[in-house]
Each structure stands twice: as structure tokens, then as C-alpha cells.
1. Taking residue 198 as the residue in question, decide whether it is surrounded by 16 or more Cβ atoms within 10 Å (Cβ to Cβ) and over 22 Å from the mean Cα position of the chain (by Cα).
2. Yes or no: residue 111 surrounded by fewer than 13 Cβ atoms within 10 Å (Cβ to Cβ) and more than 11 Å from the chain's Cα centre (by Cα)?
3. Of all the residues that make up segment 125-136, how many are farther than 20 Å from residue 148 by Cα and crowded, with 18+ Cβ neighbours inside 10 Å?
4. Please state which of the following conditions residue 210 fails to meet, knowing it meets all the rest: (1) modelled with pLDDT under 90; (2) under 22 Å from the mean Cα position of the chain (by Cα); (3) loosely packed, with under 14 Cβ neighbours inside 10 Å.
5. Could you tell me which numbered condition residue 90 fails, if it satisfies all but one of (1) closer than 27 Å to residue 149 by Cβ; (2) touching a helix residue (DSSP H, G or I) at 6+ places or on another chain (Cβ under 8 Å); (3) in a strand (DSSP E or B)?
6. Do we have any residue at all in segment 116-124 that's modelled with pLDDT of 95 or more and either farther than 29 Å from residue 70 by Cα or exposed (fewer than 15 other Cβ atoms within 10 Å of the Cβ) (or both)?
């Protein structure tokens, strides 16, 4: 269980890091709008009356402040940027060349606080970060589709992990300050409840072995 949770964290972190790099790197470039596509109420063979083509489109509020922009970024990926009333970016979205969409949310100091995206291994995830930029919670799926919920400590390391599998089994694991799993509780695929306590070396100490 500990190895699986650690693998999920490492895989999720790698996917998030890649998405953030792609998102932030292209977020403040000068995008170009792609060719317009038929709308939902438009017949495939019906040509639009107008096609808007521009290097950049900005959204402006009633006071004339720019509140967002949309377009094609320098690397060819479509991107959306939404700003607050102070002109600070608060939400960034893009679909990079690898086809895996990413969504990045920032606080009022423009620090990253939440990320949603797809991983290289096919999983999907949401990461919530604290004021210091450390991931504190991960909700997502591993590459095989297994749902995972992880609570991370102040150093971004897994402290508690919850995993459910398609065979109806589920497990909740608790790590100590050294990230060693000390307790696992769950339900087996046949519905039998189970619990295991371990010492600092990972050796089970409860339930006791049969004499």
C-alpha cells in the first residue's frame, strides 16, 4: 500500500509539474485566434456569415479594464487567461501539444493554489496547494483508473492515503513523520474488514501471529 501511494504521488506530481510549466510558460505570450469552427446551431454545410481572425482577443469590463484574453499561444496551444479587478491573473487554461488539458488557479498574490489536469500516464487529478506552494491534497485516478485521495504534510509528502479498487476493496493508510506506513485499515474484496499495525521498520505487530 505504501509503495502504491508513493508511486501515485510521484506520478501525480510529475504530471502536475509538466502541466504547470506548459501553462505558465505560454500564459503571458501573445496568442493568435484559430480559424472559427461551426457553432452548435450551425449546419456542417452552412458557411458562417463572418469569421473573426485576430492575433489576440481581450475581454474588457465596463470600466475599460482588461479582465481576460483568449487565443493561440506561442507554442501553438490555445489558451485562456482571466484576470481580477486589479489586473492579476487568477485562472489559466490551455491544451498543450500533447493534447492533455490543464487548468491553473491563482490567489490574489498570483501564487498557484489549485491545479487540474491529465497525467502522462493517463490518470487525472486535482491538487490543492497551501500559501507556500506546497501540495496538501490530491484527488485523482491512477493510470489504471484506481481512484486515490492523498493528504500531504507541510513538506508535500503523503501522510494519509485512501484507495478504492474495482474489486470493491478499499484501504486507508497512515504514515508517520518519517513517511513510513504504520497503520492500514480497509475492506477486502470479499467484504471482510481488516486492519494492520506496523512498527517503524514496516513489520506487522498487530494482529498478532497465530502461535
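The values are calculated or read from the model by the stated rules, or taken from the named source; none is laboratory data. Only a predicted model underlies this, so the values are computations on that prediction, with no experimental measurement involved. Positions of Cβ are backbone-derived with ideal geometry, glycine not excepted, and every protein chain shown enters the neighbour counts.
1. Yes.
2. When the stated conditions are applied, residue 111 passes them.
3. Adding up the residues that qualify gives 0.
4. So the condition that residue 210 fails would be (2).
5. Residue 90 satisfies all of (1) closer than 27 Å to residue 149 by Cβ; (2) touching a helix residue (DSSP H, G or I) at 6+ places or on another chain (Cβ under 8 Å); (3) in a strand (DSSP E or B) except (2).
6. Checking segment 116-124: not a single residue is modelled with pLDDT of 95 or more and either farther than 29 Å from residue 70 by Cα or exposed (fewer than 15 other Cβ atoms within 10 Å of the Cβ) (or both).
Every residue, every condition in (1) more than 23 Å from residue 129 (Cβ to Cβ); (2) loosely packed, with under 15 Cβ neighbours inside 10 Å; (3) over 22 Å from the mean Cα position of the chain (by Cα), yes or no:
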position: 140; (1), (2), (3): no, no, no
position: 145; (1), (2), (3): yes, yes, no
position: 150; (1), (2), (3): no, no, no
position: 154; (1), (2), (3): no, yes, no
position: 162; (1), (2), (3): no, no, no
position: 173; (1), (2), (3): no, no, no
position: 180; (1), (2), (3): yes, yes, yes
position: 186; (1), (2), (3): yes, no, yes
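Per-residue answers, yes or no, for (1) at pLDDT 95 or above; (2) surrounded by 16 or more Cβ atoms within 10 Å (Cβ to Cβ):
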site: 75; (1), (2): no, no
site: 78; (1), (2): no, yes
site: 93; (1), (2): yes, yes
site: 96; (1), (2): no, yes
site: 103; (1), (2): yes, yes
